[in-house]
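The values are calculated or read from the model by the stated rules, or taken from the named source; none is laboratory data. Since this is a predicted model, take the numbers as computed values, not measurements. Ideal geometry is used to build each Cβ from the backbone, glycine not excepted, and the neighbour counts take in all protein chains shown. Just the protein is used for accessible areas: all its heavy atoms, side chains included, with ligands, DNA and RNA removed. Shrake-Rupley method; radii C 1.70, N 1.55, O 1.52, S 1.80 Å.
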Amino acid sequence: MIKAAIFDLDELIIDLEKIHKDAERQICLDYGHSFDALSEALRLNSSGLRENDILERIKQELKLTASLPEIIQRKQALFADMMNKEVIEPMPGVLEAINSLQAHGYRLALTSSGSRPRVELVIQRIGLWDAFDVTICGEDVQHGKPNPEPYRLTAERLKILPHEGVVFEDASVGVQSAKSAGLWCIGVPNPAAATVQNLKQADLVLPDFTHFSLDMIRETPPRPCERRAK
């Protein structure tokens, strides 16, 4: 029986990909480089990776002499400033799904690849500061997604067995992490993602959160079969 629901943050609860990329683009310019000088994989396919790992790769590819902590601090400042200038809205149906799960006694957790200062800034901004019983961020693990460590740690902190938790993910590496950790996984793609994510390893794929219902997790969770909700 499912006892807890675990959510990714970026591009699942809220679409912040453009702000992230704009901040990374500005970082490149700040250090005298073009964002286009980065590899295509880093520019277009870094969804779900730890925020600080992305910045480490930018540092390595551009051979920046600045320290990683300096670059991280600059990214956090840029992101906060850019986000404060934007009207940001949670993804369709996600707040209703979170409220419904909470009202029916499910424990909730957030497992993000983002840095804790940035994650806390975002969840406070969208009114979810008190929604989660457990919050795991990029700094809390040695290995980020697709490694199973983030979701294994989340299950441990929730005090549940892996099969008692369901993960909601938008990114391929997140789905891999959840399934490798032994959890059920529901994929919810971001239609505006820069790179279409392959979610076929998820136990169920929804078009968006407006299609979610509690019956999906009250029943025996679907076995991996690329089942897709209509």
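Computed values, structure above
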{"item": "Residue match in region 153-160 (condition: closer than 28 Å to Leu68 by Cβ, among the β-branched types (Val, Ile, Thr) and under 15 Å from the mean Cα position of the chain (by Cα))", "result": "yes"}
{"item": "Long-range neighbours under 6 Å by Cβ, at least six apart or interchain, first residue more than 18 Å from Asn147 (Cβ to Cβ) within region 43-61, second in a loop (DSSP other than H, G, I, E, B)", "result": "Leu44/Ala194; Leu44/Thr195; Glu61/Leu38"}
{"item": "Unique residue being surrounded by fewer than 17 Cβ atoms within 10 Å (Cβ to Cβ) and on the phi < 0 side of the Ramachandran plot when the list is Glu40, Glu51", "result": "Glu40"}
{"item": "Condition check for Glu96: modelled with pLDDT of 95 or more, out of contact with any Pro (no Cβ under 8 Å at 6 or more places or on another chain) and within 30 Å of Asp215 (Cα to Cα)", "result": "yes"}
{"item": "Output for region 16-37, where each listed residue is within 30 Å of Phe209 (Cβ to Cβ) and surrounded by 19 or more Cβ atoms within 10 Å (Cβ to Cβ)", "result": "Leu16, Ile19, His20, Ala23, Glu24"}
{"item": "Residues that are among the aliphatic types (A, V, I, L, M) and within 16 Å of Asp15 (Cβ to Cβ), drawn from region 173-198", "result": "Val188, Ala192, Ala193, Ala194, Val196"}
{"item": "Any hit, region 56-74, residues being under 25 Å from Pro207 (Cα atoms) and open to solvent by 80 Å² or more (accessible area, probe 1.4 Å)", "result": "no"}
{"item": "Which listed residue is touching a residue at least 24 places away in the same chain (Cβ under 8 Å), small (Gly, Ala, Ser) and either open to solvent by 50 Å² or more (accessible area, probe 1.4 Å) or over 24 Å from Gln142 (Cα atoms) (or both), from Gly114, Gly105, Gly93", "result": "Gly93"}
{"item": "Odd one out for Glu149, checked against (1) open to solvent by less than 60 Å² (accessible area, probe 1.4 Å); (2) under 19 Å from Leu12 (Cα atoms); (3) of a type in the set (Asp, Glu)", "result": "(2)"}
